[in-house]
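Peer 1: Sharing a structure, written as structure tokens. Questions coming.
The values are calculated or read from the model by the stated rules, or taken from the named source; none is laboratory data. A quick note: this is a predicted structure, and the numbers were derived from the prediction, not measured. Cβ: placed from backbone, ideal geometry, glycine included. Neighbour counts: every protein chain shown. Accessible surface is based on the protein model in full, side chains and every heavy atom, while ligands, DNA and RNA are left aside. Shrake-Rupley method; radii C 1.70, N 1.55, O 1.52, S 1.80 Å.
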Amino acid sequence: MQGYHILIKAGLMAATFGLMALAPCAAAPNDGAQAVLASARTAAGRLDLSGTRVESGTETASGLTGRWRKSIDLETGRTRTVADFGVFRTTEVWDGKNYWRQDKSGGVHALNSPFAQANNLTEAWLASFGYLKADAEGAKLERLADGVEGGRRFAIVRATPRTGQTVDLWFDAKSHHLHRTVQIMATYTKTVTYEDYRDRGGIPVASTITAEDGVDADRDVIHVENVVLAKSASDFVRPQPIDDFSIAGGKTTIPIEFDGDVIVEAKLNGQGPFAFILDTGGHDIITPEVSTLLHLKPVGAGASGGSGEGTMPLQFAQVDRLEIGDATLKDQSFTVIPLPVDTTERGARPPLAGILGLELFERLAIRLDYGKKTLSLQSLSGYKHDGAGTAVPLFFTDDQPLFDGKIANVPGQIALDTGNSGTLIVQGVWADGNGLQRQMMSGFPSLGYGMGGASQSWSSRVDFEVAGSRFRGVIGHYSKDQKGAFSSRTEAGNVGNDVLANFALEFDYAHAQVWFEPAPGHDPWVFDRAGLSFFKDNADAFKISAVAAGTPAAEAGLRTNDVIAAVDGKPASQVSGWDLRRSMRAPPGTKVTLSLIRNGQPLSVVVILRELLPAAS
């Protein structure tokens with residue numbers, strides 16, 4: 001089980017984040033909440049809640065500083081936010097019905113999942129100062145116990161706008177200005193702090209707006225320099241995608257490698273080809289080594305996460321030309337991340353260069369045929385599916401596509417993740433809420449690694465359903481991660497290539513849908529038959545991260561932190577992670593000889609494989 005979806009945080013408009021301890025939630029009468037908001041209205045002075053308010057200034061995020069501008073329709077909550085950091089520019093628009101995100105490459109998609117739609121309404125309520133309007137525009141209010149921080153006291157009101165997400169509002173007990181908003185999101189807690197209020201034409205305005213997620217490198221700070229009122233509402237329209245690609249002949253089909261990961265080849269600035277993971281849940285990424293080879297000059301200093309609870313440093317670089325088959329994309333913004341060796345290594349072959357993800361899918365209609373091992377690309381403009389299969393709507397809470405499916409016959413939203421080289425991740429919060437915890441935790445304990453480091457799970461058999469196709473007893477990994485992509489409070493699961501390979505997939509972001517065309521013939525991968533978790537932290541050896549009790553690996557005497565130097569006599573430098581996984585999934589009774597280094601001393605052990613998670617009956 002691995003996951004390569006990348007969470008890149010750059011810009012307050014792109015759901016900025018924070019993690020702060022909340023005050024004790026002892027409730028006070030609702031009229032207490034109304035009194036707090038009444039004081040806030042008085043403190044707001046001559047605030048005119050009609051027309052369009054335009055705020056501008058600077059934003060510092062991920063080690064970059066750029067120009068920032070936000071337009072707000074004070075009557076409806078429609079917003080348009082633009083941040084231009086030079087190396088890239090982002091735009092986000094709430095048009096009153098849809099929330100559009102134009103990412104750093106210029107591609108556009110909607111944030112339209114049920115959770116995102118509720119959050120969009122709350123963001124619009126906050127942007128238009130709904131809490132200062134009559135009856136808080138019908139929001140449900142609750143007065144919480146006061147909070148104390150740094151010697152300051154704060155009156156806290158918990159508000160739930162109509163059909164929106166709940167948000168906690170912290171008001172300074174002396175000035176009565178809004179100091180902080182705290183909102184529980186899918187995989188994090190979003191905190192935005194408003195400070196340094198200054199009088200601008202009789203209206204107190206927060207001059208510094210800070211968003212945090214507990215990682216200093218990802219703190220976003222906006223300095224508001226100007227505030228003006230306007231009557232124009234022309235800003236609130238869907239951003240226009242950048243016309244930056246061409247395809248000779250209108251369509252191109254290229255071969256892929258499929259061995260757990262989906263691997264495609266592409267050229268960068270005329271060099272290569274380089275091998276990339278194709279990841280529906282990721283962004284365009286290159287490693288620092290590739291950046292150096294191309295003589296790029298990365299800028300910025302941010303952080304990124306994925307599966308697991310850790311983060312990795314990131315920078316940004318501009319690639320003049322990306323060529324994949326007969327498709328050419330110009331002036332592409334890539335994120336530069338030192339991907340783990342365990343992600344990029346391929347044994348004797350050159351390591352992977354990085355990831356190709358969302359930026360391709362936003363621009364192109366993509367057909368991924370696992371059985372034929374091909375990837376077809378054509379422009380989304382004028383594209384229409386004309387083959388077989390079932391159309392399934394796509395939704396987005398962030399940048400990863402979601403669809404409605406069923407796990408253990410229970411409906412839920414599931415991430416479609418070609419960066420997941422395994423089967424099915426079952427999100428712990430969803431599973432617990434639907435009474436599946438006991439079933440899932442009765443399975444086999446396992447430890448996976450991804451972009452964010454280690455990810456603990458329990459593996460068992462579970463039924464899965466999508467697009468009218470039902471799969472009995474697929475391997476389901478029940479995750480209890482507290483951070484990262486597998487800690488979602490809103491998603492049911494994350495489905496990877498071992499299930500997706502039962503279909504040819506055709507992605508049509510223009511119509512927010514994916515076509516599932518059944519393609520019989522895929523042999524599902526068997527479960528590990530050794531009881532061993534491992535990873536590469538350098539190209540020459542595997543490190544054992546966990547040995548499950550009572551398994552062939554434990555019986556052979558393997559221990560955590562043992563180093564595997566060779567597999568059946570073949571040096572580990574010539575063995576990829578997938579090579580070793582295949583060895584550990586060989587038929588029961590197979591003997592696998594591992595040459596180890598333990599405490600600096602060589603050691604040889606033989607692991608005799610047997611079934612640890614029987615196939616579904």
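Peer 1: Set the bar at 20 Å for Cα to Cα. Now go through LYS251/LYS330; LYS70/LYS231; LYS330/LYS384; LYS140/LYS483; LYS480/LYS536 and name every pair that lies beyond it. Working shown, then result.
Peer 2: Values: LYS251/LYS330 17 Å; LYS70/LYS231 14 Å; LYS330/LYS384 25 Å; LYS140/LYS483 29 Å; LYS480/LYS536 24 Å.
Check vs 20 Å cut-off fails for LYS330/LYS384; LYS140/LYS483; LYS480/LYS536.
Peer 1: Suppose every K and R has +1 on its Cβ and every D and E has -1 on its Cβ; what is the size of the dipole of the stretch 448-584 about the Cα centre, in Debye to the nearest 20?
Peer 2: I would put it at about 420 debye.
Peer 1: For the chain, what does the relative contact order come out to in percent, with C-alpha contacts under 8 Å and a separation of six or more?
Peer 2: Over the chain, the number comes to 13 percent.
Peer 1: Using only Cα positions of the stretch 169-312, each an equal point scatterer, no hydration layer, compute I(q)/I(0) via Debye at q = 0.21 Å⁻¹ and quote the log10 values to two decimals.
Peer 2: -1.40
Peer 1: Another question about this same structure. If you average 1/r across every pair of different Cα atoms in the stretch 310-408 and take the reciprocal, what Kirkwood value do you get, in Å?
Peer 2: 16.8
Peer 1: Which listed residue (GLY443, PRO520, HIS477) has the Cα farthest towards the positive end of the charge dipole for the stretch 375-525, taking +1 on Lys and Arg C-beta and -1 on Asp and Glu C-beta about the Cα centre?
Peer 2: Looking along the dipole axis, the top candidate is GLY443.
Peer 1: Enter the accessible area per residue of the chain (Å², integer; probe 1.4 Å; all protein chains in place).
Peer 2: 39
Peer 1: As an exercise, use a Förster radius of 22 Å and the Cβ-Cβ distance of ALA134 and LEU229 to find the FRET efficiency, rounded to the nearest 0.05.
Peer 2: So, using R0 = 22 Å, E works out to roughly 0.60.
Peer 1: Normalising by the residue count of the stretch 348-464, find the relative contact order in percent from Cα pairs under 8 Å and 6+ residues apart.
Peer 2: 14
Peer 1: Follow-up question, since we're still on this one. Please report how far the C-alpha centroid of the stretch 358-378 lies from that of the stretch 44-100, rounded to the nearest whole angstrom.
Peer 2: Result: 34 Å between the Cα centres.
Peer 1: Using a basic spin-label model with each label point 7 Å from the Cα along Cα→Cβ, how many nm lie between GLN482 and LYS372?
Peer 2: Modelled inter-label distance: 4.8 nm.
Peer 1: Take each of the peptides 552-560, 604-612, average the number of other beta-carbon atoms within 10 Å over its residues, and list them starting from the highest.
Peer 2: 552-560, 604-612
Peer 1: Hey, another quick one. Largest first and in whole Å, give the semi-axes of the stretch 477-531's equivalent ellipsoid, each being the square root of 5 times a Cα gyration tensor eigenvalue.
Peer 2: So the three semi-axes of the stretch 477-531 are 25, 22, 6 Å.
Peer 1: Taking amide H atoms as placed 1.01 Å from N in the peptide plane, list the residues 5 or more away in sequence, or in a different chain, whose amide H sits under 5 Å from that of THR418.
Peer 2: THR280, GLY281
Peer 1: Quick one: 3J(HN,Hα) in Hz for the stretch 102-117, Karplus 6.51/-1.76/1.60 with θ = phi - 60°, rounded, Gly and Pro as x.
Peer 2: 9, 7, 5, 8, x, x, 10, 8, 8, 9, 9, 5, x, 5, 4, 5
Peer 1: Something else: How high is the FRET efficiency between SER175 and ALA546 when r is their beta carbon distance and R₀ equals 41 Å, given to the nearest 0.05?
Peer 2: 0.20
Peer 1: Right, here's the next one. Could you state the per residue volume, in Å³, of the convex hull enclosing the Cα atoms of the stretch 469-607?
Peer 2: That works out to 178 Å³ per residue.
Peer 1: Quick one: Karplus J couplings for the stretch 600-613, per residue in order, coefficients 6.51, -1.76, 1.60, θ = phi - 60°, nearest Hz, x for Gly and Pro?
Peer 2: The phi angles translate into x, 10, x, 7, 10, 10, 10, 9, 9, 6, 8, 5, 10, 9 Hz.
Peer 1: Then there's this: So, with +1 on the Cβ of K and R and -1 on the Cβ of D and E, and no other charges, what is the size of the charge dipole of the chain about its Cα centre, to the nearest 20 debye?
Peer 2: Details: 59 positive and 70 negative charges, 126 e Å.
It comes to approximately 600 debye.
Peer 1: OK, next. Mind ranking 295-304, 407-416 by how tightly packed they are, going by the mean number of other C-beta atoms within 10 angstrom, highest first?
Peer 2: 407-416, 295-304
Peer 1: In addition: Shape verdict for the stretch 267-372, please, from the Cα gyration tensor: rounded (a/c under 1.5), prolate (a/b greater than b/c) or oblate.
Peer 2: rounded
Peer 1: Sticking with this one: Accessible surface of ASP199 in the full protein assembly, 1.4 angstrom probe, to the nearest 10 Å²?
Peer 2: 120
Peer 1: Continuing with the same structure: Provide the per-residue ³J(HN,Hα) series for the stretch 546-551, in order, calculated from phi with Karplus coefficients 6.51, -1.76, 1.60 and θ = phi - 60°, each as a whole number of Hz, with x at glycine and proline positions.
Peer 2: Along the stretch 546-551, the couplings run 6, 10, 6, 5, x, 10 Hz.
Peer 1: Modelling each spin label as a point 7 Å along the Cα-to-Cβ direction, I'd like the ALA248/ILE597 distance in nm, to one decimal.
Peer 2: 4.7
Peer 1: In nm, what is the difference between 0.36 nm times the number of residues separating ILE608 and ALA388 and their Cα-Cα distance?
Peer 2: Extending this stretch completely gives an extra 74.7 nm.
Peer 1: Okay, next question. How many angstrom separate the Cα center of the stretch 160-175 from the Cα center of the stretch 244-317?
Peer 2: Going from one Cα centre to the other spans 40 Å.
Peer 1: Can you send over the carbon and sulfur percentage of the accessible area for the stretch 24-167, probe radius 1.4 Å, protein chains only?
Peer 2: 50
Peer 1: Related question: Could you order GLU465, GLU491, GLU75 so the one with the most accessible surface comes first? Probe is 1.4 Å.
Peer 2: GLU75, GLU465, GLU491
Peer 1: Taking the full set of protein chains and a 1.4 angstrom probe, give the accessible area of SER545 in square angstrom, rounded to the nearest 10.
Peer 2: Rounded to the nearest 10, the figure is 20 Å².
Peer 1: Summing Lys, Arg as +1 and Asp, Glu as -1, what charge do residues with Cβ under 13 Å from the Cβ of VAL237 carry, VAL237 excluded?
Peer 2: Taking every other residue near VAL237 into account, the sum is 0.
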